[in-house]
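Got a structure for you, written out below as structure tokens; questions coming shortly.
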Amino acid sequence: MKTSSFPLIHNRKAMVGALIVAFILAVAIAAPLLTSYDPSARVGRPHQAPSLEHWLGTTRIGQDVFARLVYGARTSLAVGFGAGLLITIVGTALGIIAGYRGGKIDEIISFFTNMVLVVPNLPLLLVLAAFIGQASPWVIALILGCTSWAWGARVTRAETLSVKQKDYVKSAEMMGEPRWRIMTFEIFPNLISIVGINFIGSVIFAIITQATLEFLGLGDPKVVSWGTMLYAAQKASALSVGAWWDILTPCFALAFLGIGLSLLNFAVDEIANPRLRTGNRLGRWSALIRSGEGRL
Amino acid sequence: MTAPLLSVKNLTIDYIGETNDFRAVDNVSFDVAPGEVFGLAGESGCGKSTIAFAISRLHKPPALIRKHSAILLDGRNVLDLDQKDLADFRWREVAMVFQSAMNSLNPVLRIEQQFYDVLRTHKRITRAQARDRTAEMLRLVDISPDRMRDYPHQFSGGMRQRIVIAICLALDPRLIVMDEPTTALDVVVQREILQRINELRRKLGFAVLFITHDLGLMVQFCDRIGIMLGGKLVEQGTADAIYRTPEHDYTKKLWASFPSLHGGVLR
Amino acid sequence: MAFLLRRLCFYLAAFVAAATINFFLPRLMPGDPVQIMFSSAGAELPPESLQALKLTFGFVDGPLWQQYLTYLGSIFSGDLGRSIKYFPLPVTTVLGNALVWTVGLMGTATIVSFALGTFLGILAAWRRGSLFDVIVSVGAIFATSVPAVVTSLIVVFTFGFTLGWFPTGYSADPALDPAFTFEYLGSVLYHGILPMLTLCAVLTGGFAVTMRNNMINLLGEDYIVMARAKGLSDTRVMLWYAARNALLPTVSSLAIAIGTVLGGSLVTEVVFNYPGLGNILYQAILARDYPVIQGQLLIMTATMLIANFVVDVSYVLLDPRLKRA
Ligand SMILES: Nc1ncnc2c1ncn2[C@@H]1O[C@H](COP(=O)(O)OP(=O)(O)OP(=O)(O)O)[C@@H](O)[C@H]1O
Ligand SMILES: [Mg+2]
């Protein structure tokens with residue numbers, strides 16, 4: 001079988017997902033070039049429908065929705081990737097340590113992991129955010145990082161347990177390499193696909209959760225992000241007054257980004273777990289059956 | 001020679017890949033007479049299990065049985081059976097013990113249920129009759145019938161193996177395919193099970209297609225032997241001939257690498 | 001049995017952990033914790049009531065551990081304090097009324113979407129690579145990657161505001177008196193169906209993917225091949241050999257999924273203005289009603305733990321290897 005060093009390139013799901021994410025990233029970076037409006041300033045009459053002047057209409061207080069959309073992408077992406085990275089680092093580190101060290105350390109880490117897993121995440125975040133007050137995006141990223149690592153830690157630990165038994169780890173132990181070296185240079189590289197899945201999953205989770213917290217009014221309303229756009233629109237009863245552009249814009253943006261990231265996630269999953277792959281060998285097989293070259 | 005029970009003719013099987021195919025079985029032909037034990041030996045990956053799967057037509061994509069292949073059981077080509085006939089044919093004519101028979105029992109169903117599944121599918125039978133039949137089969141392999149309500153994990157590896165053999169016997173099949181039935185077991189249990197199979201075979205008259213890479217075991221147990229190399233059947237003959245006067249270089253090499261035989265012949 | 005007992009102890013510990021977070025949060029914030037907790041009350045709170053509230057939340061003169069024990073004591077005697085927004089209603093009453101709606105909504109949605117998702121996952125895995133499989137897999141990607149807020153908003157916009165097929169608020173027609181009448185129950189159903197379907201749309205995809213992947217990982221097992229060799233019918237092999245075994249890991253992942261279910265239902269309730277916990281909580285957040293916000297963490301945790309325990313029990317029932325012993 002042909003294997004490529006860049007398996008993601010040959011995966012259609014991965015390509016589509018990467019294109020979507022790259023597109024949103026480009027929009028976020030190029031925000032000042034795409035619009036001349038200030039996303040926070042009042043630049044028009046309230047709740048104007050989309051027009052040439054305001055491509056996606058205006059909000060209740062007359063801000064340009066398109067400007068908020070492209071600038072908001074910056075916040076949502078930054079928080080998503082920042083928090084995702086934090087979640088992954090904490091989860092991977094704890095998982096590897098627990099799995100590799102075993103014994104008491106494993107017991108303690110696993111106990112906490114399981115505990116965090118059974119305390120419902122969103123309600124916990126709500127309490128934390130409520131006490132912090134109007135949480136800035138960075139504070140949200142930070143508390144997400146502190147509370148959402150458990151799933152990653154559990155999966156990484158399980159995987160570490162099996163990698164630990166491999167010969168190269170055993171031989172490194174024989175040669176007396178220090179533990180931290182074994183964990184970073186022998187074990188971690190073999191967990192890359194799990195870490196990748198964990199990272200993308202965490203980014204999705206962080207983006208969704210940040211938007212949810214802000215929607216529920218726990219964010220800083222002065223910040224421009226897709227979540228605060230939802231919050232402001234909901235508070236202005238955009239739906240019941242018929243200002244659909246105000247609320248559907250961030251909705252579709254979030255859905256689009258979510259789908260892009262999920263496609264990437266599924267693709268990485270398929271690469272890590274070959275059994276889930278279908279690939280085009282099935283097509284060749286069916287063609288041979290149809291042409292009567294063989295049967296089952 | 002009597003008419004063969006199983007006759008494999010020009011069997012060729014490919015595993016279809018993304019760009020090119022892998023030929024796992026290459027133009028293999030052999031016969032198995034009624035009541036005979038035919039052995040297939042060869043190194044790991046030479047295609048033995050692929051042949052075994054083909055006999056009950058268990059392959060799934062990407063496996064492909066090439067045209068001009070034929071597997072005749074009593075003169076009927078198994079590859080031509082339609083879905084319904086195939087379902088009837090399976091287990092009633094050919095039963096099978098898998099490479100890791102330890103794992104071939106469904107962990108969440110009671111032993112009784114796994115017998116009943118077979119009996120119910122192939123026969124008009126009541127629960128009570130099925131239970132009697134199950135008890136009878138379990139007794140044949142020395143397992144107490146009152147354990148039929150247990151789950152697989154409650155038995156040892158060797159016991160599970162014997163249960164699978166008992167399930168194989170439930171319908172009085174003509175042929176039992178055994179794909180390395182004893183690899184997972186220790187030597188003592190291995191001998192015990194093979195002896196038991198041999199007794200049952202004498203009593204019930206089924207033929208066995210016996211697959212292993214353990215030549216020593218094979219010579220003790222089989223009437224005739226086929227040697228496989230890289231998907232091809234390179235040599236076949238009686239066990240004695242293969243043991244005393246191997247012709248193919250590969251067979252000789254196999255013997256050379258094999259320590260001299262201990263223990264009597266099982267036959 | 002020992003297994004379940006151990007789980008129970010663990011859940012108790014988890015509950016205490018949630019309470020501990022509640023206890024320390026206001027004390028860790030800069031400023032006076034009493035001031036933070038009850039600031040939203042302004043000057044309206046009668047002094048005796050404030051005193052009682054302080055006692056409930058462990059603000060007593062004494063060392064920290066004594067305060068902590070006081071707080072745990074009031075929680076385990078069922079006293080979660082009083083809501084400030086709805087003063088003088090106790091938090092348990094406010095949340096208890098809402099909990100009925102939430103559990104109803106969440107429970108139905110979980111059962112429906114778990115059954116449907118599992119079923120779709122089984123079929124997709126069995127017909128691996130077919131058009132059906134592609135539709136289920138891609139559909140699941142879309143459904144799971146769209147945040148619950150977004151799905152809810154789009155659904156309420158389409159079916160509530162634009163088409164006007166379903167109501168956009170309340171759990172029943174407010175003009176009707178709650179009673180076991182045909183009319184009232186019908187109204188409850190009519191109001192509940194859209195939020196319920198929305199939650200199902202959010203959840204089904206995840207269950208389908210989990211089941212599909214678990215099935216596919218099992219299909220190569222020897223007992224599946226042996227079941228086919230036995231000549232059993234396709235449905236029998238699919239359901240009793242493959243799906244029945246794939247259900248085990250699926251059920252254990254259900255425990256983790258319950259967190260998602262809870263989060264999803266909170267958000268859906270806010271969007272649909274449904275009087276469940278989510279909505280109460282939304283109001284509490286806007287009003288900075290901390291006793292209610294803290295109380296919901298405890299109630300939610302308890303709900304989650306009970307749901308987890310139900311999952312544990314069903315796991316034990318499903319896996320003969322865990323029974324007895
Ligand atoms: N699903 C598959 N896809 C591609 N190639 C396969 C597949 N299954 C088996 N093969 C290849 O076919 C060849 C024959 O496999 P088979 O299982 O028949 O070997 P075997 O002789 O039974 O070996 P062993 O003694 O180890 O059981 C092997 O080289 C294997 O790599
Ligand atoms: Mg094999």
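Could you state the accessible area per residue of segment B:102-172 in Å², with a 1.4 Å probe and every protein chain left in place?
Details: 2920 Å² over 71 residues.
Here the residues of segment B:102-172 average 41 Å² of exposed surface.
Name the long-range amide H neighbours of residue C:82: under 5 Å, sequence gap of 5 or more, or other chain; modelled H, no Pro or chain starts.
It is C:91, by chain and number.
Using all alpha carbons of chain C, what is the percent of pairwise distances in each 10 Å bin, ordered from the shortest bin to the longest?
Pair shares across the bins are 5, 21, 25, 23, 16, 7, 2, 0.
A further question follows. On average, how many beta carbons from a partner chain sit within 10 Å of the beta carbon of a residue in B:102-110?
6
Quote the accessible area belonging to residue C:209 in square angstrom, nearest 10, computed with a 1.4 Å probe and with ligands, DNA and RNA left uncounted.
30
For chain A, what does the helix formula give at 222 nm: sum of -39500 (n - 2.57) over DSSP H segments with n ≥ 4, over the residue count, nearest 500 deg cm²/dmol?
-22000 deg cm²/dmol, from helical runs alone.
Enumerate the amide H contacts of residue B:96 below 5 Å, restricted to partners 5 or more residues apart or on another chain; note that Pro and chain-start residues carry no placed amide H.
Amide H to amide H, under 5 Å and 5 or more residues apart or across chains, residue B:96 pairs with B:177.
Something else: By a straight-distance test (C-alpha under 20 Å), which lysines pair with residue A:235 as possible cross-link partners, with residues fewer than eight away in the same chain excluded?
A:222, C:85
Report, as an integer, the average count of C-beta atoms from other chains found within 10 Å of each Cβ along C:301-308.
Other-chain Cβ atoms within 10 Å of each residue's Cβ, averaged: 3.
While we're here: What is the ratio of the Cα radius of gyration of segment B:102-172 to 2.2 N^0.38 Å, where N is its residue count, to two decimals? Can you show the working numbers first?
Working: Rg = 10.9 Å, N = 71, 2.2 N^0.38 = 11.1 Å.
Against the empirical 2.2 N^0.38 Å value, I get 0.98 for segment B:102-172.
While we're on this one: Can you tell me how segment A:165-281 classifies by the Cα gyration tensor, rounded, prolate or oblate, using a/c under 1.5 as the rounded cut?
Since a/c reaches 1.5 but b/c is at least a/b, the shape of segment A:165-281 is classed as oblate.
Next question, about the same structure. Taking the Kirkwood radius as the inverse of the mean 1/r across Cα pairs, report the Rg/Rh of segment C:237-310.
Reported Rg/Rh, Kirkwood definition of Rh: 1.18.
In degrees between 0 and 90, to the nearest 10, how far off the longest principal axis of chain A does helix A:103-118 point, with axes built from Cα atoms?
In chain A, helix A:103-118 runs at an angle near 30 degrees to the longest axis.
So for segment A:57-149, considering every pair of alpha-carbon atoms, how many percent are separated by more than 18 Å?
Pairs farther apart than 18 Å: 60 percent.
Loop only per DSSP, at most 15 neighbouring Cβ atoms within 10 Å: give me the trypsin sites (Lys or Arg not before Pro) in segment B:140-175, ordered by residue number.
B:149
Can you quote the Å³ per residue value for the convex hull of the Cα atoms in segment A:96-170, rounded to an integer?
92
For chain C, take the longest principal axis of its alpha carbons; what is the angle in degrees between that and the long axis of helix C:47-56, to the nearest 10 within 0 to 90?
Relative to chain C, helix C:47-56 is tipped by roughly 40 degrees.
Here's something else I'd like to know. Translational diffusion coefficient of chain B at 10 °C, 1.306 mPa s, Stokes-Einstein with Kirkwood Rh over Cα pairs, in µm²/s as a whole number.
D, rounded to a whole number, is 82 µm²/s.
What 222 nm value per residue comes from the helices of chain C, counting each DSSP H run with n ≥ 4 as -39,500 (n - 2.57) and dividing by all residues, nearest 500 deg cm²/dmol?
For chain C, the value works out to -24000 deg cm²/dmol.
How much FRET efficiency would the formula 1/(1 + (r/R0)^6) give for residue A:287 and residue C:93, where r is the Cβ-Cβ distance and R0 is 45 Å, rounded to 0.05?
On the way: r = 68 Å, r/R0 = 1.51.
Step by step, r from the Cβ atoms, then E = 0.10.
Next question, about the same structure. Spin-label point model (7 Å from Cα, Cβ direction): what's the residue A:167 to residue C:49 distance in nm?
Modelled inter-label distance: 7.5 nm.
Now for a separate question. Kindly write out, for segment C:96-101 in residue order, the coupling ³J(HN,Hα) from the Karplus curve 6.51 cos²θ - 1.76 cosθ + 1.60 (θ = phi - 60°), rounded to whole Hz, with x marking Gly and Pro.
Whole-Hz 3J(HN,Hα) from phi for segment C:96-101: x, 4, 6, 4, 3, 5.
Calculate the length of the line joining the C-alpha centroid of segment B:180-207 to that of segment C:249-325, in whole Å.
54
I've got another one for you. When only the heavy atoms of the protein chains count and the probe is 1.4 Å, how do B:68, B:122, B:248 rank by accessible area, highest first?
B:68, B:248, B:122
Note down the nm distance, to one decimal, between modelled labels 7 Å out along Cα→Cβ at residue C:317 and at residue A:177.
4.9
Could you work out the longest stretch of chain A that avoids the trypsin sites (Lys or Arg not before Pro) located in DSSP loops with at most 10 other Cβ atoms within 10 Å? Spell out each step's value before the answer.
Numbers: sites that count: A:2, A:222.
Here the longest run is A:3-221.
Amide H of residue B:25 versus every other amide H placed in the peptide plane: which residues, excluding those fewer than 5 positions away on the same chain, fall under 5 Å?
B:13
May I ask for the Kirkwood hydrodynamic radius of chain A, worked out over all distinct Cα pairs and given in angstroms to one decimal?
21.7
On a C-alpha basis, how far is the centre of segment C:6-54 from the centre of segment A:27-62 in Å? Whole number, if you could?
43
Using 7 Å Cα-to-Cβ label points, what is the residue B:20/residue C:61 separation (nm, one decimal)?
Computed distance between label sites residue B:20 and residue C:61 equals 9.0 nm.
How tilted is helix A:137-147 with respect to the longest principal axis of chain A? Cα atoms for both, answer in degrees (0 to 90, nearest 10).
30
Using a 10 Å cut-off around each Cβ of peptide C:149-160, what is the average number of partner chain Cβ atoms that fall inside?
Values: counts 13, 16, 2, 2, 12, 5, 0, 3, 6, 1, 0, 2.
Mean partner shielding for this stretch: 5.
Okay, moving on. How would C:154, A:61, C:306 rank on accessible area, largest to smallest, probe 1.4 Å?
In descending accessible area the options line up as C:306, A:61, C:154.
Right, next: Quick one: pull the percentage of alpha-carbon pairs in the protein assembly as shown with a separation above 41 Å.
Numbers: 191581 of 393828 pairs.
That tail contains 49 percent of the Cα-Cα pairs.
Need one value: the accessible area of residue A:269 in square angstrom, 1.4 angstrom probe, rounded to the nearest 10.
50
So, one more: Going Cα to Cα from residue B:9, which lysines come in below 25 Å? Please leave out same-chain ones fewer than 8 positions away.
Straight-line reach from residue B:9, under 25 Å: B:48, B:60, B:67, B:84, B:232, C:230.
In addition: Just need log10 I(q)/I(0) for segment B:125-267 at q = 0.09, 0.11, 0.14, 0.16 Å⁻¹, Debye formula, equal scatterers on the alpha-carbon atoms, no solvent, rounded to two decimals.
Those come out to -0.34, -0.49, -0.74, -0.91, one per q.
Within 10 Å, count the other beta carbons around each residue, average over each peptide in B:130-142, C:3-15, and list them highest first.
Working: B:130-142: 17.5, C:3-15: 14.6.
The densest-packed peptide leads the list: B:130-142, C:3-15.
Let me know the volume per residue of the alpha-carbon convex hull for segment B:23-134, in Å³.
Value for segment B:23-134: 155 Å³ per residue.
The values are calculated or read from the model by the stated rules, or taken from the named source; none is laboratory data. Since we're looking at a predicted model, the values are computed, not measured. Here the Cβ is made from the backbone with ideal geometry for all residues, glycine too, and neighbour counts use every protein chain on show. Ligands, DNA and RNA are excluded from the accessible area calculation, which covers all protein heavy atoms including side chains. Shrake-Rupley method; radii C 1.70, N 1.55, O 1.52, S 1.80 Å.
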